[in-house]
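All remarks here apply to the structure that follows.
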Amino acid sequence: MFEEERRKYLQKHGFEAMRLKAVLFDMDGVLFDSMPNHAYSWTHAMGRFGLHITSEEAYMHEGRTGGGTINLLARRDWGRDATEEEKRMIYQTKSELFSRCPEAPQMPGAYELLKKVKADGIIPVLVTGSGQLTLLERLNRSFPDIFHKELMVTSFDVKYGKPNPEPYLIGLQKAGIAPNEGLVVENAPLGVQAGSAANIFTIAVNTGPLPDQVLLDAGADLLFPSMNSLCEHWDEIRDTFL
Ligand code: MG
């Protein structure tokens, strides 16, 4: 069913075939419906330090490291780079506000999809820019027996973060697979860019407020309106890419 998308991907990245072995999942906005909390805590933390970011901009910057996002805003609003101390203070404030938000619910359809992937003998890998300890701890509570610690890429592993392909390249390395042996599942434009730049077939799930076109322009090879919808199509995807 997704033959056309598969053909386009192979042509674009110069591969002859795909052999699906692992799915690399982003976390925020994919496994947890946590982006409203992130957008809230970013807008309020920045505001306390005289930086201004709208909720939609927070969604556009999703996936960037905290320091990277703060510096972009500092350049725009202050006309200079943020100091290391400013980055630390603002990010700490953001983390504190985030930790006081109501616990983000699991994304509907996420656990079902993870169980299907695992049952098919395909390796689930986590690739997140997040360093929020509460969320990472919750991951194993919410999705028991899915992710192994050695198959998780977090902000502690990466230097550049998304949209750099680095986090997904590390994910491939940890899973021991080539780019044409994986799929990426992402909700954010910068995450889609990162997956695509790592030469991996990248599936966008539009779980937030941005227009679909933003994700398609970022390089998504396939787009679904929700994790439930992706889950419903999983068997066809697996059969196309195995
Ligand atoms: Mg995300």
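What whole-number value in cubic angstrom gives the convex hull volume per residue for the C-alpha atoms of the range 1-158?
With only Cα atoms used, the range 1-158 gives 153 Å³ per residue.
Heavy atoms only, probe 1.4 angstrom, no DNA, RNA or ligands counted: give me Trp234, Trp78 ranked by accessible area, highest first.
Trp78, Trp234
Give me the extension gain from Arg19 to Arg141: residue separation times 0.36 nm, minus the current Cα-Cα distance, reported in nm with one decimal.
40.9 nm
Restricting attention to the alpha-carbon atoms of the range 35-100, what are Rg (one decimal) and Dmax (integer), both in Å?
For the range 35-100, the Cα radius of gyration and maximum Cα-Cα distance read 10.5, 31 Å.
If you stretched the chain out fully between Phe156 and Asp120, how much longer would it get, using 0.36 nm times the residue separation minus the C-alpha to C-alpha distance?
10.0 nm
Can you give me the solvent accessible area of Thr134 with a 1.4 Å probe, rounded to the nearest 10 Å²?
Number for this one is 80 Å².
Tilt of helix 166-175 relative to the longest C-alpha principal axis of the chain, in degrees (0 to 90, nearest 10)?
Helix 166-175 sits roughly 40 degrees off the main axis of the chain.
Out of the total accessible area of the chain (probe 1.4 Å, heavy atoms of protein only), what percent is carbon and sulfur?
C and S fraction of accessible area: 51 percent.
Just read off the accessible area of Asp81 with the full protein assembly in place, 1.4 Å probe, to the nearest 10 Å².
Spelled out: Asp81, probe radius 1.4 Å, area about 80 Å².
With a 1.4 Å probe and every protein chain left in place, tell me how much accessible area Ser41 has, in Å² to the nearest 10.
About 0 Å², ignoring ligands and nucleic acids.
Provide, for q = 0.20, 0.22, 0.28, 0.30 Å⁻¹, the log10 of I(q)/I(0) from a solvent-free Debye sum over equal Cα point scatterers in the range 1-56.
Reported log10 I(q)/I(0), two decimals: -0.79, -0.86, -1.07, -1.11.
Reported to two decimal places, what Rg/Rh ratio describes the range 105-220 when computed on Cα atoms with Rh from the Kirkwood expression?
0.93
At 1.4 Å probe size, put Tyr40, Tyr160 in order of accessible surface, largest to smallest.
Tyr160, Tyr40
Which sequence of Glu166, Glu3 reflects their accessible areas, 1.4 Å probe, from the largest down?
So the residues, ranked largest to smallest area, are Glu3, Glu166.
Using Cα atoms only, what is the angle between the long axis of helix 110-119 and the major principal axis of the chain, expressed in degrees (0 to 90) to the nearest 10?
It works out to around 40 degrees.
Taking trypsin sites (Lys or Arg not before Pro) as candidate sites, keep only those in a DSSP loop with at most 14 other Cβ atoms within 10 Å, then name the longest stretch of the chain containing none of them.
In the chain, the maximal stretch lacking such sites is 160-242.
About the Cα centre, and with charges only on the beta carbon of Lys, Arg (+1) and Asp, Glu (-1), how big is the dipole of the range 35-100? Nearest 20 debye, please.
60 debye
List every residue whose amide H lies under 5 Å from the amide H of Ser130, counting only residues 5 or more places away in sequence or on a different chain, with H placed 1.01 Å from N in the peptide plane.
HN-HN under 5 Å from Ser130: Ser155.
Modelled label-to-label distance, His233 and Ser55, 7 Å Cα→beta-carbon offset: nm?
Using points 7 Å along Cα→Cβ, the separation is 2.7 nm.
Which aspartates and glutamates have a Cα less than 15 Å from the Cα of Lys115, not counting those fewer than 8 places away in the same chain?
Cα-Cα hits under 15 Å: Asp145, Glu232, Asp235.
The values are calculated or read from the model by the stated rules, or taken from the named source; none is laboratory data. Everything numeric in this text was worked out from a predicted model, so none of it was measured. A quick note on method: Cβ atoms are made from the backbone with ideal geometry, for glycine too, and the neighbour counts reach across all protein chains shown. We work out accessible area using only protein heavy atoms, side chains counted, and drop any ligands, DNA or RNA first. Shrake-Rupley method; radii C 1.70, N 1.55, O 1.52, S 1.80 Å.
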